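Written out below as structure tokens is the structure these notes cover.
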Ligand code: PHE
């Protein structure tokens, strides 16, 4: 009797095993996920077919019950696994359909990431110069680009009718202020607000009515300024000689030529040995950059004029000092062999990516 029931249950299990997968597929194909869930409930639900078979087990004796129990569990697992797999397949094909309906092609290769930017050559040179002077004990000062005539010109000893103050050379605002024509305004502001000793460099933008391959209406300068008791011209020269070697390499010579700026006395222009035509032997052949001279001008400098000290409230009997000013673009052009200053302001990535 019990073997008969067992055989009958076996039969039902076999029938169900053969049928469940095609039934699932048919349901999913016809009615999608809801139909598949319904079909699953018909087999595994409370009133489902497998559940019904399970209930019959009560009539089977212990031994056979264990065997059937195992078979039922096995089948249950198969059914569940197949159901889960089909649910996933349905979800995947639903997603595929959604993606295919999009108005663009997801299989096209993506755009390569745009190249990373980097430092502008003017910024690199400015950082390098400031680092050198910081290591020599100079502080770094800032100053305004919109300035009073007094701080840009008058206190620095420019006479009122000096040609630099002319409309042709200086950008004036409608309210009578101006765009500073050099960073020397920072000297004036420092002297008027601080007491010596002072040693600083002041980088920043300056403006002049000038525009050709070597001049731009806006460019950058770095001012250097030192005031204390007994500061000498020798210290100025020593500082600049050290600077030239650190910026352009050991052995780079400097020379000073007398020159005139209203706010220094004596004043000088400083040349460095041309970095373009130096030979392995150390001599310079002369080239187009140095105009066959072997020397390139890099900055203006001098000892602070006593009149400037007076204008700014510093005792010229007690203090002496020096100042220098260099063009950052000029240093960058020499450093990298850039022939036209305007390239530095166009910000064309094809140009900038070379540095
Ligand atoms: N300010 C001067 C210029 O713009 C440069 C300079 C600075 C000269 C300091 C002497 C001393 O050309």
Regarding the stretch 281-300, can at least one residue be identified that is assigned to a strand (DSSP E or B), within 16 Å of the ligand (Cβ to nearest atom) and modelled with pLDDT of 95 or more?
yes
Residue that is assigned by TED's automatic domain parsing to the domain that holds residue 166 and farther than 24 Å from residue 152 by Cα, where the choices are 243, 225
243
Yes or no: the stretch 228-236 includes at least one residue that is touching a helix residue (DSSP H, G or I) at 6+ places or on another chain (Cβ under 7 Å), modelled with pLDDT of 95 or more and either within 14 Å of the ligand (Cβ to nearest atom) or outside the structural domain of residue 128 (by TED's automatic domain parsing) (or both).
no
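Is one or more of the residues making up the stretch 105-117 closer than 30 Å to residue 334 by Cβ and out of contact with any helix residue (DSSP H, G or I) (no Cβ under 9 Å at 6 or more places or on another chain)?
yes
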Can you work out which of the residues in the stretch 318-342 that are surrounded by fewer than 18 Cβ atoms within 10 Å (Cβ to Cβ) and part of a helix (DSSP H, G or I) is farthest from the ligand (Cβ to nearest atom)?
336
Being in the same structural domain as residue 18 (by TED's automatic domain parsing), over 30 Å from residue 7 (Cβ atoms) and part of a helix (DSSP H, G or I): is that true of residue 64 here?
no
Considering only the stretch 301-315, I want to know if a residue exists there that is away from the ligand (no atom under 16 Å from the Cβ), free of Cβ contacts under 8 Å to residues at least 60 places away in the same chain, under 23 Å from residue 222 (Cβ atoms) and in the same structural domain as residue 263 (by TED's automatic domain parsing).
no
For the stretch 93-137, how many residues are at pLDDT 95 or above and over 27 Å from the mean Cα position of the chain (by Cα)?
2
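May I ask you to say which residue of 276, 355, 351 is in contact with a strand residue (DSSP E or B) (Cβ under 9 Å, 6 or more places away or on another chain), surrounded by fewer than 21 Cβ atoms within 10 Å (Cβ to Cβ) and modelled with pLDDT under 95?
Only one candidate passes the filter, namely 276.
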Surrounded by fewer than 19 Cβ atoms within 10 Å (Cβ to Cβ) and touching a residue at least 12 places away in the same chain (Cβ under 8 Å): which single residue out of 140, 206 fits that description?
140
Among (1) free of Cβ contacts under 8 Å to residues at least 12 places away in the same chain; (2) under 30 Å from residue 116 (Cβ atoms); (3) in contact with a strand residue (DSSP E or B) (Cβ under 9 Å, 6 or more places away or on another chain), which single condition is residue 344 missing?
(1)
From (1) within 13 Å of the ligand (Cβ to nearest atom); (2) buried (at least 16 other Cβ atoms within 10 Å of the Cβ); (3) not in a helix (DSSP H, G or I), pick out the condition that doesn't hold for residue 258.
(2)
Does residue 58 count as loosely packed, with under 14 Cβ neighbours inside 10 Å and in the same structural domain as residue 91 (by TED's automatic domain parsing)?
yes
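The values are calculated or read from the model by the stated rules, or taken from the named source; none is laboratory data. All figures in this text were calculated on a predicted structure; none of them were measured in a lab. Using ideal geometry, Cβ is built from the backbone for each residue, glycine included, and neighbour counts are taken over all protein chains shown.
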